[in-house]
Amino acid sequence: MSRYKVESPQSPPLLTIPATPDMSALQLMVSRLAKGLFHKAVLESGGQFPGIKGNARTLAQAEQSGIAFAVTAKAADLAALRAMSATDIQVFSNSFPQEKNIDGYVLPDQIDILFRAGQAADIPVITGTNSDEQTMNPPGFATTLAAFQAQSMVFGSFAAEVQSLYHVTDDASAFAVRFLVVQDFETSWQPYVLARTMRAKYTSKPYVYLFNRVPPYYPEQRNYTEAADPTMLGAYHTLEQFYLYNNLRQWPRPYTAVDLRLADIGSTYLVNFATSGDPNQPVTTTDAGNVVPQWPAFAPTGGQLMLLGDVIAPAAPPNQAALDLFDRVWLQKMGRPLAFQ
């Protein structure tokens, strides 16, 4: 798990969980083993409340998965498994699910149930997502009308409503929203649930962002996917880290004043949060002379997120209808209240 711990004599520890490992941050927030080890958290790119895939697996299910892996690896017992080299294990890395399980020790129950019961760490959080998280995971939800209708069965009785919401009527329209559907129903919905839960069940404030800056590129420049047109990836997964950590120099591009201002203000938000638990203080004007726009804490009703992009300003979630719909999908699928209810 990637972890960046920021400390100063004036502030308690900050645990930031960049990119996909923010899924682990929610586990740390509810695990008794991590109690008191950190006092603020930054969760980037989603979260891991039970989503469309349902509950996390039980200990018994995880044990069966381990047995199946041992069979695949031709390991007769635990000693044989422990004797395997890292290289040998990597050969089989795609043959078993690598995910959390409710073992009764690290995780005593499903994450949403623990949050709803008030058993999570009551700490300030920054959470959010990028506008194009899923472009790194082709082919996305579905690329044809037939595939979209088949995939939509995961939404149960809301399948037709999902198709209508995204205006999918043919192959072209299904292809056009192939990344947006997963973005909304996975990556965007998770921070939305966490923010509402923190406001409903805890005293600490949540701050939500949407990073949507599409970076510039030199002619013939590629990103690490080697895309022929790198701009088609938009504000892709992990891109925000170059800006929030003010590390633009690590990846040379023809940056403009927009990029430099975003990195300056974004990193100031992070350092402010590490210092005070509030991205708005103590620094209100950066050393470069940029005034730091006020980032409102997410409100219980009508909550706003902070746009981090060409414009740095509060705004309503751009996909509110989709977020509300997935609340209803979740209630039907899981048969229990949402974490904030």
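Please treat every number below as a calculation from the coordinates, not as lab data. Since the model is a prediction, treat every value here as computed from it, not as a measurement. For neighbour counting, all protein chains shown are included, and Cβ atoms are generated from backbone atoms with ideal geometry for every residue, glycine included.
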Protection proxy ranking of 85-92, 196-203, 283-290, 260-267 - average other beta-carbon atoms within 10 Å, highest first: 260-267, 196-203, 283-290, 85-92
Quotient of Cα Rg and 2.2 N^0.38 Å for the stretch 159-252, N being how many residues it contains: 1.41
P(r), alpha carbons of the stretch 202-341 - 5 Å bins starting at zero, rounded %: 2, 9, 15, 18, 16, 14, 12, 9, 4, 2, 0
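To make sure I understand, if each residue's beta carbon is the centre and we count other beta carbons within 10 Å, what order do HIS237, HIS167 fall in, fewest to most? Don't jump to the answer; show the numbers that get you there.
Details: HIS237 21, HIS167 10.
Listed from fewest to most nearby Cβ atoms, that is HIS167, HIS237.
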FRET efficiency, 1/(1 + (r/R0)^6) with R0 41 Å, evaluated for TYR245 and ASP109 via beta carbons: 0.75
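Taking a threshold of 23 Å on the Cα-Cα distance, which of the pairs LYS35/LYS205; LYS100/LYS333; LYS53/LYS74 fall above it? Can you show the working numbers first?
Numbers: LYS35/LYS205 18 Å; LYS100/LYS333 20 Å; LYS53/LYS74 30 Å.
Beyond 23 Å: LYS53/LYS74.
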Residues of the stretch 67-110 with amide N under 11 Å of a point placed 7 Å along Cα→Cβ from ASN55: 102, 109-110
Calculated FRET value between GLN221 and ASP324, using beta carbons and R₀ = 45 Å, to 0.05: 0.70
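Assuming 0.36 nm per residue, please report the length gained on full extension of the stretch GLN294 to ILE67 beyond their Cα-Cα distance.
On the way: separation 227, 0.36 × 227 = 81.72 nm, distance 5.25 nm.
Roughly 76.5 nm would be gained on extension.
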Bins of 10 Å, starting at 0 and running to the largest distance - Cα pair percent for the chain: 5, 22, 31, 26, 13, 2, 0
At R0 = 25 Å, FRET efficiency that the Cβ-Cβ distance of MET153 and MET232 yields, to 0.05: 0.30
Within the stretch 51-137, trypsin sites (Lys or Arg not before Pro) in DSSP loop having at most 11 other beta-carbon neighbours inside 10 Å: LYS53, LYS74
Within a Gaussian network of the chain (alpha carbon springs, distance under 10 Å), most fluctuating of ALA299, ALA68, ALA195: ALA68
Relative pair counts by distance (%), Cα atoms of the stretch 57-98, 10 Å bins: 28, 58, 14
